[in-house]
Every structure is written in C-alpha cells, then in structure tokens.
Amino acid sequence: MKSNSKHFLALVSVLLLTAAFSVAASAQENNQHNQNTLVRLNETQLLFERLRDVANIDIVRITGPSLAVLPEDTGCEFVDTLKANPLIFHSYVFFPKEVKQGRKYPLIVFPHGGIHASFSTGMTHVLRELLAQGYIVVAPDYRGSTGYGRGLYEAIDYGGLENDDVLAARDYMVENYSVVDPDRVGIMGWSHGGMITLMNLLNHPDKYACGYAGVPVSDVAYRLGYQEKSYTKNFTQPYHVGATPQEDPEAYARRSPVTYAPLLSRPLMITTCVNDDDVSWTEVNRMIEALKAADKDFEYKIYPWQPGSHQFERLDSSSCSDIRFDTYKFLARYLKPAHPFRNVNELRKAGYMYY
C-alpha cells in the first residue's frame, strides 16, 4: 500500500511539474507576443513620422480567407458554426502627397519578408523612392505577421493562404480607391516577400502588370534541406503544415513558387547574389532554371559577392541604390509612374534628401 502511495505521489509531482513548465512556457509566449505588439506600435509611429512629409498614410482592416487549420469544436453551436469566418488583418496604405481625386495612379503591392515579421521602418527609404516616382503603395501584414497577438501569429500559412491575403489587399485597393489604376498594378518584395510576389504573379496574372522578386524563397523543401534543423520547427507546428517535407512532400511542393514556373505570363524580374546567407543563390537558381525549362521570357541577375549578403539590395549605400535603380527601371517600363527616376542621383535625393 505504501509503495502504491509513493508511486502515486511521484506521479502527481511529475504532473504538477509538467503543468508548471507548461504554464511558464505559455506565459513566456504571451509575453513575447505582447513585446512584439509594442515593437510594432513603435515601428508604426516611426514610419508615420519618417514619411509624413511625402505621404498620406493610413492603416486599414480587411479580410482574407478563413483559417487554414480551423480550431476544434468548443461545443457551443454559435461559436462553432462561425469559426470559418474570414480572417481580419491590417494593411498599411501610402499615398504620395501629390495624389489628386479624379486621376489614376499606379499601385505597388509590397508584402514584407520573414516567416513571422511585420512591415517596418526598414523599408522607409524604399518607400520614399516609390512615393517620389508617383506610386501608391499597399503593404499587408498578412496572416502569420507579428505584433497582432497570438491569434494572427498562429494563423500562419506559409506559401498558402498568406498569398490570398496579399491578393485581398490588392483587390481592396482597386475596389475602394478610384485613384488606383487597375491596369497598372505591380507587386514587389524581398526574401519571403519575393516568394509571395512569385506566387501572386504566377497564379493571378490577370491581377498584376508585372512583378519584382528579390532574393526570393523559391523551393521550400529544398530550403529546409540546407537550413539549420531548428528552422524546420516553424513548419512542423500543429497550427502550420504539421509535417516535414519527407512526411508530406506534396504540401511543400504546393507552397513553392518553383512548382508554378510554367504559369508565368507577366513580366518578371528576379535578383540574388552568390553570398546570400539566408536564401541561398542555389535555391533562387532553381526558380530561374525552372522558368528557363518552361521557355519563359523574364529578367534575372545573379550578382557576384556583395556587401550586405541577403540585404544587399536594401541597404543605404550608393551601390545598393545603383541596384535598386535597375529595379525601378524595370517597374516603370510596365507601370508608367508619373516621375520615373532618370538617374541614380534623383533616386538618392528622393530617398535620402541629398546626393
């Protein structure tokens, strides 16, 4: 009897310790989400402050598809019958100060990078450059973005419904602002944003005039193969893919732009560099080779070793401005902004006030 009591007490102790660790872990996760919210709010304030001289800025709430993984039934009919409602997310909207009602302007859809991130001041100078040329910009904080609490964070659907959120942001702008020209909509992004650019352009060519993808994630299964093992944890979470590429190769193929290369029918520009320390140039090259194999016409450049590696196009040096100038020339060819840059000095003055 005493032996059974000891085993029972030991089991209770283990359960209590497990519960304590679980509560502590949950509290730590909640604290991280609270901290992310504060960071986002601070970034938003800085973004408004740094751009208010050149832009009218707004934050709008719109909807995308329902959750990819619906929560379990609660037993409450009212709650359970509505759990597939559309997902609400936020988008930043930037209008050049010169925009006038009754005229039409080109739109840039600008998805941020990162598996879990949000739009931030890191894009301030790029935004200034886009606005100076006469582009309206929408930057959606799609599902999985940070700074909006655990709910949106765990709504992540990398390579899946996040693409529909970005498309919804594009459609919102066209449907709600008569100043947006629906025939002059481009999409651009770097890294994960480059991946979303590819997925949108390839799968919804009727919605975009062109797309630019910088250092884009292109083949998710291949990517997990060369990244650190801990990286895979992001995808194997039960609220996400819930499996490894070996366990569910079809899910990873479905989430990879390289799968859709034969669908390209709009102008596309891709760039990368050989020393990228996040998205390997060999991964981007898989996308390039898939497009070539499908006999597609597109522009691309694999740069030699570059300072800044994964950030080589987004830093603030004049060499980065030279690279972005080529990107803007590509976009201007199809979107016809009112004030395309004629040289890098104009770009530098727009982004940095002086050259």
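Looking across Val215, Val174, one residue alone is more than 27 Å from Gln306 (Cα to Cα) and of a type in the set (A, V, I, L, M). It is Val174. The listed residues are Ala68, Ala27, Ala19, and the only one of them that is closer than 25 Å to Arg150 by Cβ and at pLDDT below 55 turns out to be Ala19.
Restrict the check to the stretch 49-56 and report whether at least one residue is of a type in the set (A, V, I, L, M) and surrounded by fewer than 16 Cβ atoms within 10 Å (Cβ to Cβ). Steps first, please.
So the first thing to find is which residues in the stretch 49-56 are of a type in the set (A, V, I, L, M), and the list is 51, 54-55.
After this cut, where a residue has to be surrounded by fewer than 16 Cβ atoms within 10 Å (Cβ to Cβ) as well, the list is none.
No, that holds for no residue.
Is there a residue being in a loop (DSSP other than H, G, I, E, B) and at positive phi anywhere in the stretch 96-118? Yes, that holds for at least one residue. Restricting the stretch 265-301 to residues that are of a type in the set (A, V, I, L, M, F, W, C), touching a Phe, Trp or Tyr at 6+ places or on another chain (Cβ under 6 Å) and outside any loop (DSSP other than H, G, I, E, B), which is surrounded by the most Cβ atoms within 10 Å (Cβ to Cβ)? It comes out as Ile270. One residue stands out among those in the stretch 308-345 that are in contact (Cβ under 8 Å) with a residue 60 or more places away in the chain, in contact with a Pro (Cβ under 9 Å, 6 or more places away or on another chain) and part of a helix (DSSP H, G or I): the one that is nearest to Val185 (Cα to Cα), which is Leu335. The set of residues in the stretch 203-243 being crowded, with 22+ Cβ neighbours inside 10 Å and of a type in the set (A, V, I, L, M) consists of Ala209, Ala213, Val215, Val217, Val220, Val241. Filtered by the rule that a residue be touching a residue at least 40 places away in the same chain (Cβ under 8 Å) and surrounded by 13 or more Cβ atoms within 10 Å (Cβ to Cβ), the stretch 79-97 gives Leu87, Phe89, His90, Ser91, Tyr92, Val93, Phe94, Phe95, Pro96. Answer yes or no as to whether Gly189 is over 23 Å from Tyr328 (Cβ atoms) and either surrounded by 19 or more Cβ atoms within 10 Å (Cβ to Cβ) or at pLDDT 95 or above (or both). Taking the combined requirement at face value, the residue does not satisfy it.
The values are calculated or read from the model by the stated rules, or taken from the named source; none is laboratory data. Everything quoted here is computed from the prediction, not taken from an experiment. We place every Cβ from the backbone using ideal geometry, glycine too, and count neighbours over all the protein chains shown.
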